[in-house]
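First the structure, in the form of structure tokens, and then the observations on it.
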Amino acid sequence: MIKKLRASPGWLKLSADRTSFIFDPEKAEIVRKIFDASISGLGGYTIAKQLNAKKVPAFGPSPKWDQSTIHNMLRNRATIGEHQPKRIRNGKRVPDGEPIPGFYPAAIDESLFQAAQLARQNNLASGRGRKGQLLTNLFRGIPTCAYCASPVLFKSKSNVKSLICSRVIEKRGCFRFAWSYQDFESSFVDFTKNRESNVTAAPLEREALAELASHIRSLSGPDVYGARVGVASSLKAAVSELKIASAGPMPVAGKPDARIRLDRPGRYFVVQFQNGPAHTAYPIGR
């Protein structure tokens, strides 16, 4: 006799005879977008809020998404097809034996799951997990300094948002220059649009650029938040390396306590897509 299944994860359905799982591609896509949003730096509160604002049906009996539901999904290995048998001990459900891989049809792959775990750990360690309406920094965790290879961080002070080498922020050296965030984002977007139309790009690079550019074009549409989440996720997948040279090609070291100067003429960035050739780009209007 075939054992009847009692339940299934929210993104799957049970067959009429309750002997197999039925993959639901629409719900699986929702799962994937939740993981993408987490990887881009959003917290469970904001993810749930945006799903409710878009009237995305919640899984299960609850009429709305909430923070705990999002967090439970993000750490649930059933999303990659794994089942952990459990039994009751002292009134609580506890693991019973080893996990069973491939028990469920997977909604996402292992790499996406692990990327989300790392992003959540980083958010907890840094106090992040944004609750804002828009993603302020599309490039979080991607750029490095062209001079010392340290991470380039987003900094907001007195309503001035900029990208600065982490060594400068920590007063450990490097050149004390910064690139205003909006100018950098606009310059990168402009470069991406121009590069996408270049027919000499390699196939992998063209494919990555096409997806990134499609999200960029959506920035002018009604769902700006969704478009920015898409851009951030595509950047993570498409950009192999992004070096920012805020001090230009031949900087001169100044005093370690000198004022951080913004948008120096000659600043540039170097970007690689899908481990392709390195491209050097400059601010718009240079």
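The values are calculated or read from the model by the stated rules, or taken from the named source; none is laboratory data. All figures in this text were calculated on a predicted structure; none of them were measured in a lab. Virtual Cβ from ideal backbone geometry, glycine too; neighbours counted across all protein chains shown. To get the accessible areas, we keep the full protein, side chains included, count just its heavy atoms, and leave off ligands, DNA and RNA. Shrake-Rupley method; radii C 1.70, N 1.55, O 1.52, S 1.80 Å.
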Can you tell me the relative contact order of region 1-105? Whole percent, Cα pairs under 8 Å, sequence separation 6 or more.
19 percent
Share of accessible surface on carbon and sulfur in the chain, whole %, 1.4 Å probe and ligands ignored, is 53 percent
Checked region 170-224 with the C-alpha gyration tensor, a ≥ b ≥ c its square-rooted eigenvalues, rounded below a/c of 1.5, otherwise prolate if a/b is larger than b/c and oblate if not; verdict oblate
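Give me the percent of Cα-Cα pairs in region 15-159 that sit more than 25 Å apart, rounded to a whole number. Mind dumping the intermediate values first?
Working: 4317 of 10440 pairs.
Of all Cα-Cα pairs in region 15-159, 41 percent lie more than 25 Å apart.
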Please list, or write none, the aspartates and glutamates whose alpha carbon is within less than 17 Å of the alpha carbon of residue 86, excluding same-chain residues fewer than 8 places away.
96, 98
What are the aspartates and glutamates whose alpha-carbon lies under 15 Å from the alpha-carbon of residue 255, with same-chain residues fewer than 8 places away excluded?
170
Among beta bridges assigned by DSSP with both residues in the chain, the antiparallel ones amount in percent, to the nearest 5, to 85 percent
Is the shape of the chain rounded, prolate or oblate, going by the alpha carbon gyration tensor and its root eigenvalues a ≥ b ≥ c, with a/c under 1.5 for rounded and a/b larger than b/c for prolate?
prolate
Run the numbers on the chain and let me know its relative contact order in percent, using alpha-carbon pairs under 8 Å that are six or more apart.
15 percent
Largest fluctuation, 84, 272, 117 only, Gaussian network model of the chain with Cα springs under 10 angstrom, belongs to 84
The correct ranking of 204, 209 by accessible area at 1.4 Å, largest first, is 204, 209
Using a Gaussian network model on the chain with a 10 Å cutoff between Cα atoms, which of 76, 159, 52 fluctuates the most?
159
How much of residue 24 can a 1.4 Å solvent probe reach, expressed as accessible area in Å² and rounded to 10?
20 Å²
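Compute the relative contact order of region 238-286 as a whole-number percentage, counting only Cα pairs closer than 8 Å that sit 6 or more residues apart in sequence.
Working: 65 pairs, mean separation 21.6, N = 49.
It rounds to 44 percent for region 238-286.
Please give the net charge around residue 25, taking every other residue with its beta carbon less than 14 angstrom from that of residue 25, where Lys and Arg add +1 and Asp and Glu add -1.
Working: positive: 13, 27, 32, 33; negative: 24, 26, 29.
Result for the neighbourhood of residue 25: +1.
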Rg (one decimal) and Dmax (whole number) from the Cα set of region 77-223, in Å, equal 21.4, 66
